[in-house]
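Notes follow the structure.
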């Protein structure tokens, strides 16, 4: 029995070192990686100083492309939408002023509007309206004339905005510049007609033409109301035709005014050709050049 136990102990002592050596050796079924594992290039230094500042480690998965372009594009689109919203709100306020002003004029001076329209169509009625001028009719004439200046400025302002042309960053200042330029041009024209009537031998003709010019401009101011509404609120495909319609209104009415002016100046033109040429240069061409130059200077300094 003792001999049998001794043999078993010897057999176990022989097998145990062999098993341990087999576990420590390489197995033919182990998977060996083909690429060596790369160490992290960013090493963090460990310091014992508690006041050291350790910079943050950027993630290796972060994109290297800068997002500045997309952010700038979004900001540009947002600012464009904001400018468009501001323009629409100002456009609504300007059109509302136009409609309220027209309503008050029609309520207070309804009879005067009929007379102005008849004077626009008939020269004899125009001369009669000129002879029958009174303080009340002069006030109505002034208010309607200012209404034309406002409507002409608003039409030109909306037309420039449609083509993305702005005289100033502020919509109100831009409208005032356009309307002020038109008003300044008309003021210069009437002042020149008044001055030339004292110099040239055509006082009656120049006074009548100045009054005719006021009547025709009043009619243009009223005709521009539906045109401005279309330019402001019509679909984009129709707005351009509304702008062309407004330009056609100006062109046709002023062509009609020129014909009336030629008929009015027939006697003066036949007897004073040189004076008529001087009138064209001084009263028709020079004011346009002066106003254009002033508007350019104001737009550059604004």
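Quick look at the numbers
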read-out	value
Rounded, prolate or oblate (a/c below 1.5 giving rounded, otherwise prolate when a/b exceeds b/c) for the stretch 161-206 by Cα gyration tensor	prolate
Point-to-point label distance, residue 163-residue 278, nm (Cα→Cβ direction, 7 Å offset)	3.7
Estimated FRET transfer efficiency when R0 is 35 angstrom, pair residue 258-residue 146 (beta carbons, to 0.05)	0.90
Sorted by Cβ neighbour density within 10 Å, fewest at the top, the residues 118, 164	164, 118
At R0 = 25 Å, FRET efficiency that the Cβ-Cβ distance of residue 203 and residue 139 yields, to 0.05	0.50
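FYI, it's all coordinate maths here, none of it is from the lab. Computed from a predicted structure; not experimentally measured. A quick note on method: Cβ atoms are made from the backbone with ideal geometry, for glycine too, and the neighbour counts reach across all protein chains shown.
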